[in-house]
1. So for segment A:274-297 (the condition being closer than 25 Å to residue D:26 by Cα, in contact (Cβ under 8 Å) with a residue 12 or more places away in the chain and more than 25 Å from the chain's Cα centre (by Cα)), does at least one residue qualify?
2. Could you check how many residues of segment B:256-272 are surrounded by fewer than 19 Cβ atoms within 10 Å (Cβ to Cβ) and touching a helix residue (DSSP H, G or I) at 6+ places or on another chain (Cβ under 6 Å)?
3. Which condition does residue C:327 not pass, out of (1) under 23 Å from residue D:123 (Cβ atoms); (2) touching a helix residue (DSSP H, G or I) at 6+ places or on another chain (Cβ under 7 Å); (3) at pLDDT below 95, if it passes all the others?
4. Out of the residues in segment A:223-235 that are in contact with a strand residue (DSSP E or B) (Cβ under 9 Å, 6 or more places away or on another chain) and either under 16 Å from residue D:213 (Cβ atoms) or more than 7 Å from every other protein chain (Cβ to nearest Cβ) (or both), which is surrounded by the most Cβ atoms within 10 Å (Cβ to Cβ)?
5. Considering only segment C:88-105, state which residues are in contact with a helix residue (DSSP H, G or I) (Cβ under 7 Å, 6 or more places away or on another chain) and either over 21 Å from residue C:198 (Cα atoms) or within 14 Å of chain A (Cβ to nearest Cβ) (or both).
6. If I ask for residues that are surrounded by fewer than 22 Cβ atoms within 10 Å (Cβ to Cβ) and more than 14 Å from chain A (Cβ to nearest Cβ), which ones from segment D:34-46 would you list?
7. Could you check segment D:287-317 and list, in sequence order, the residues that are within 14 Å of chain C (Cβ to nearest Cβ) and more than 15 Å from residue D:5 (Cα to Cα)?
8. Only residues that are facing chain B (nearest Cβ under 10 Å) and more than 16 Å from residue B:242 (Cα to Cα): list them for segment C:1-15, please.
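The values are calculated or read from the model by the stated rules, or taken from the named source; none is laboratory data. No experiment lies behind these values; they were computed from the predicted model shown. Positions of Cβ are generated from backbone atoms using ideal geometry, with glycine treated the same way; all protein chains shown enter the neighbour counts.
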């Protein structure tokens, strides 16, 4: 069955598997001390246009969010997120497990509105009882967001400015960063993100790797003894090579960008199919995830041809359905959907 | 200066001090194993009309909330609270510190609307991804609520019914319970609360004690090895007598109810003064806390005569001002306010 | 029944009760913002000979240890303690509950031998895998120790020197500090402790207060936003006055030292009684707790006259029995023990 | 350079890479819901001779220990481990990070002596103050142990019996389980382990996989909502297939046992080389890790021919050196060591 369920239904990009095979018998030190990991870090720093960045690799997105947020927050602080943010909704309380509150702000198309952020901070510091409250100690945004939207460069600049003004880091969750960067509807580059955020991660799991995310600390702000904190959270991989080799491959010859671009081309075609079918969009997404509304009958019919994801409840009759492309989506896959008699 | 700042500006009711003096030289075992503590528990069980209740004493409200919630939740669960709930706003993240999320529902006059609760639960279990989310494992309500409102018996029955249906405990934070029970606008008794909730606490700190709250587990549901969990959270008092003697006194000859009744009589008069002055209410409170709106100028003037609390920001010009009565408020205190030329 | 069970079997020193009564109706701000708390802090600073010290009050010993240790350690650090240290044995895992390991060193008479400490640190940093281990981030000692022994000034200087060398704080748990300072077998003063430690606490609960401990940060090292962290751990008392007034009284006219001196005089006489009875000491204690060995028969007999504490198992036949004096021990109490026909 | 540094210096067994390639384009659901994962579970259940076992896959050893221990312990419990146990020494405090204490027992050749375990438990429950202590709620053993030793079937039966008597689970950390099972000096089979423990894990990372460990709950005792707890700890892999496919391959045609057997054959030859060289053993290890003592000069010389691990400090002159074999060790590798002119 052709699958549009999500962007992690396949294994890894074949170039990655090739690299794993080619390096397989080379004895390498553990815990990320190998030269492939070093090479991957250097390539990522270069791609970010930031030679001073600190790059670290972690196995998955929730793990990364928990590690980054809990090592960067002070004891008395929490992290601000959109109410729809992954850390607020879909991580089974992983942030709270580290002892920190997620301070939610009503989402707007999956994003934090800079005006809302400023109001939150102004109000917090004008509250006489804020010494009994959780201090806002970081701002978390996802880009692309959970429903697939993107921040504009202007919005990122505003968020970054506010964070700078209040002296708290801006953290960008880039689980699907490649798809965001290769969208034709974005004015944001990787260099912009490295410049405007204090820390972010470049998602691998959803962009062609077997697993792995690359955290980039952009302001000489990697937490002290970071490896210890990673280990303490059970997130240190013995065979760090598994992450290093994959990211080294992804950042060789722009592979990360090329496969993201492919996925976005496929997403453009997917969008055309959706429009031609007359299906209703839930939200206007410029990235690889397209969210549409369907009732049970429609989903039953669609399910005969392709797999998809029930993304959420919309109303009593309709469900939000996710159709996603990825590096592995082919024109043949799209043709199946196009030909489906719905 | 006469103080209407809050209900914990004075020491303890004189009867409590007398008891502490009279028992002072009696050697008693520590950690709540003394006979005064036993006596206090028996009296509270009786007042609740529930001979099978388990009663435990803890020093303060936030401590109590953290202990009760974290020992009753399962690992995968969080606690539902109104967005304005004390655990969600004013405990510096004490619940999250125990590794659990506070799942907030928009407040209505400081309360959780039973309909909103039901919708939350229905929606949660219909969400295909709820295995990646925090399970609702308890419902937290405060009574009186933070802004001083009260649940009706009907509302408590509805909340209790929903919790029962979903098999999750209903927990009532009674930091100011006495004032709620003695309100002339309530149809809820202590027996009702013992019957309708799974666990609740009877506030001492704000109702005449030096410190201390009495937790009541109503359904043979005291967590196993509770004393150990209390100790682990740093909440076990060596001289448990300090709590036992105070609650033994508070529940002798209805002292707890009598002093709460006094505070409510004073609150009634306070309300009349507010009306006569033409001050604007922020919310209609049937309990001992009256919230009104004032601008800076008004507050400066008021501050010449009495102390009050800046409860929160209302808008750019006005602040929500709290005036509270307690067991120690006197007619003379009220007269000062009445005479204030505002 | 006369009680030698422990040093917290009575209420509070009468002067403290008097202070609570005299101040009872004075309206005071909450959370330790009142002038008695300020006064108590000033008096403690003076008694410590350290005008720059930061003083904070917390309700009990385990709470204090958990707050101090968890706010002063970095994420990657644990606290070194003697294997017999209170934090390692008798706090139900309160330190681990904050996410930090207690790194235990074999005790010698309840103490950490400076040589053992140095060896531990040398060995840790020479271990190639120490990046996978918990870094020693603080040294915890109790003075008097759990079995009642004391560090000499020389030992404290050595411990302090090693901590300074490794740039980690030395923390002294003074739950029974008064009794240690007033021992005739000590050369350590309160000023010495303030000078040689980085943080310590002056115990109130076991030295005449109803409850309460005074934490002293000696090196301008009070953790940032400390009140928030205290609140987050459920340790912030609404009526902070309860702690402030007690310590203000204890540090007026040397009351703390006078009542400790009294307890030590009583301990001297207790020791004489033990010797005259021919009971075997478990350890040679220069403080208010005397530990002796008794079999079941002896304990049954002793229990007819006084209460005592079963401090621990010694061997298959004998138990370690604790007899303790305190501010409330009287000559009459001792006479009962002296007259007991054992 | 030929490497004897550890058993995780190479990538994965080629059969595993082959499986990853062959399945790469197959769309599979995430989070371990795929049929390879199901198949792997079935094969492991069969290899354990326990059709009712629950099998779950987690990325690494420390992660696994933290997840298993923290989800199986009650709030008031800690885990007993040998003082040399991985959870006590080399996990950066990952267990304490979950809020639980590691209760250490002096190790004997890396193992817990059943007699010591019994004494610990007897003593704990005879201690009058055990309500202020951390309850022993699980026993953790590693097999092979950290220095490479093995429990005999008799010892496992004794430990299991004691755990059963005290109603606490026995947990076996099998990071290197294959090497233990294929040792010629063991009488313990996988079925024995499944029968005698309550939960254990079969290590993949150190036995041929890229990453991954298989947890086996043997007594219908998988914690409720386990997936949620795994997610909450950041340990849920989006592409669960990566673990499922690897273990499916490892448990097809006894691959896991065959490659472990190979490593043990190589270890036998390694041991002969060590003896022939006259190097001193630190401990007599029947498994794939051989620990020997060398001074700096010897290590400098050895380092010219092969890589090795500085396992620990032995005394002022000598270091404990680890030489390990694995599935990837070849006769050629051994020849290099044999030929080294030391």
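1. no
2. Residues that pass the stated criteria total 1.
3. (1)
4. Per the stated criteria, the residue is A:234.
5. C:90, C:91, C:92, C:93, C:94, C:96, C:97, C:98, C:99, C:100, C:101
6. Selection gives D:38, D:39, D:42, D:43, D:45, D:46.
7. D:296, D:313, D:314, D:315, D:316, D:317
8. So in segment C:1-15, the residues facing chain B (nearest Cβ under 10 Å) come out as C:1-14.
Listed by number, the residues that qualify are C:1, C:2, C:3, C:4, C:5, C:6.
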